[in-house]
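**Q** Got a structure here, written out as structure tokens. Questions coming.
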Amino acid sequence: MTITFAKPPINEVVLGIAFLPRQDLLVPHFGQFWAQIRDEYPKTAHAPPVVTAGSQLVQDAFGAWLPRVWFVSQDDSRLVQLQQDQLYVNWRQTDEAKPYPRFPAIRDEFHRVWELFCKFLQQETDVAPQPVRMECSYINAIPQGDGWASVADYGEVLRDFKWHPEPRFLPTPLRYAASFEFEIDKDITLAAKMGMGRRLPENKEILRLELVAKCVISGEFDISSWVERAHDAVVNAFKDLTTDAMHRDPWQLQDQ
């Protein structure tokens, strides 16, 4: 069953893959790889390396951590992140006037960049990267006014939240955060995080709903197949966690 929303509240989509740490992936290699994707990602930046469960940062000969490098599109909406044990491809909303490009475009770009990187590392070091984990993340930003005005209204958006307003000792909460974890399949674990936030640069208050499908890779593994199933799990989870009223308006659930 295909689930599609005409106006989803998606703020960012991430596809990522972790591989065994590579001490032989050095600063010059980052620049050489950038040359292969520079037409699409002309900007660069440094960021601290991401440390996730099971990751092992590696140090150079002087005991320093190599940074995570960002390769960024001209309009800042697309991003490739690379460090010595991980590669991510992101789409992020930088202009509300520009529509979400849809998952197939992000998926295809991830596969393209990962294939380029594998070939590059094989050519430069004679050893291809060995994948160990994968991730598919959707970050949804639901602005104040779209179905809710205060924390007490979160039940209008989230099926499993209800604040009972009858006379009681506690007032309406000032803040809210919750997290869940689900086993969707033997190789897909899905985490859901909900809470308050602000969307920049307009500094607008939002209800943030983050859905992350993950897996640990073992044995024979089909990256393309997993990406499709992980995406389906995330979209189905989004529909399952949110209300029918929001599906109709403002997100406009399409005929299935």
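**Q** Mind checking which strands (runs of 3 or more DSSP E) fall wholly inside the range 116-227 and carry at least 3 residues that are more than 17 Å from the chain's Cα centre (by Cα)?
**A** Numbers: elements: 131-143, 177-185, 188-199, 204-216.
Qualifying strands (runs of 3 or more DSSP E): 131-143, 177-185, 204-216.
**Q** Would you pick out the residues in the range 209-239 that are touching a residue at least 40 places away in the same chain (Cβ under 8 Å) and polar (S, T, N, Q)?
**A** The answer is Ser224, Asn236.
Every residue, every condition in (1) open to solvent by 20 Å² or more (accessible area, probe 1.4 Å); (2) under 29 Å from Phe19 (Cα atoms); (3) at pLDDT 95 or above, yes or no:
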| position | (1), (2), (3) |
| --- | --- |
| Leu170 | yes, no, no |
| Leu190 | no, yes, yes |
| Lys204 | yes, no, no |
| Lys214 | yes, yes, yes |
| Ala233 | no, yes, yes |
| Phe238 | no, yes, yes |
| Asp244 | yes, no, yes |
| Gln252 | yes, no, yes |
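**Q** State which residue is nearest to Leu190 (Cα to Cα) when the search covers only the range 126-152 and only residues that are acidic (Asp, Glu) and crowded, with 16+ Cβ neighbours inside 10 Å.
**A** Let us first name the residues in the range 126-152 that are acidic (Asp, Glu), namely 126, 135, 146.
With the extra rule that they be crowded, with 16+ Cβ neighbours inside 10 Å, the set shrinks to 135, 146.
Working: Glu135: 10, Asp146: 25 Å.
Result: Glu135.
**Q** Take the residues in the range 121-144 that are touching a Cys at 6+ places or on another chain (Cβ under 9 Å) and of a type in the set (A, V, I, L, M); name whichever of them is nearest to Thr52 (Cα to Cα).
**A** Restricting to residues being touching a Cys at 6+ places or on another chain (Cβ under 9 Å) and of a type in the set (A, V, I, L, M), the top hit is Met134.
**Q** Report the residue count in the range 172-188 for those that are at pLDDT 95 or above and open to solvent by less than 50 Å² (accessible area, probe 1.4 Å).
**A** 3
**Q** A further question on this structure: For the range 92-113, give me each residue that is within 16 Å of the chain's Cα centre (by Cα) and either open to solvent by 20 Å² or more (accessible area, probe 1.4 Å) or among the charged types (D, E, K, R) (or both).
**A** Of everything in the range 92-113, those that are within 16 Å of the chain's Cα centre (by Cα) and either open to solvent by 20 Å² or more (accessible area, probe 1.4 Å) or among the charged types (D, E, K, R) (or both) turn out to be Arg92, Gln93, Thr94, Tyr100, Pro101, Arg102, Pro104, Ala105, Arg107, Asp108, Glu109, His111.
**Q** Scanning the range 88-115 for residues that are touching a helix residue (DSSP H, G or I) at 6+ places or on another chain (Cβ under 6 Å) and part of a strand (DSSP E or B), which turns out nearest to Arg22 (Cα to Cα)?
**A** The selected residue is Val89.
**Q** A further question on this structure: Taking only the range 6-52 into account, find how many residues are of a type in the set (S, T, N, Q), in a helix (DSSP H, G or I) and closer than 24 Å to Ile223 by Cα. Reasoning before the result, please.
**A** Going through the range 6-52, the residues of a type in the set (S, T, N, Q) turn out to be 11, 23, 32, 36, 44, 52.
The next check asks that each one be in a helix (DSSP H, G or I); those that pass are 32, 36.
Now narrow it down to the ones that are closer than 24 Å to Ile223 by Cα: 36.
Qualifying residue count, the range 6-52: 1.
The values are calculated or read from the model by the stated rules, or taken from the named source; none is laboratory data. Everything quoted here is computed from the prediction, not taken from an experiment. Heads up, the Cβs are rebuilt from the backbone with ideal geometry, glycines too, and the neighbour counts pull from every protein chain shown. Ligands, DNA and RNA are stripped out before the accessible areas are found, and what is left, the full protein with its side chains, is counted by its heavy atoms. Shrake-Rupley method; radii C 1.70, N 1.55, O 1.52, S 1.80 Å.
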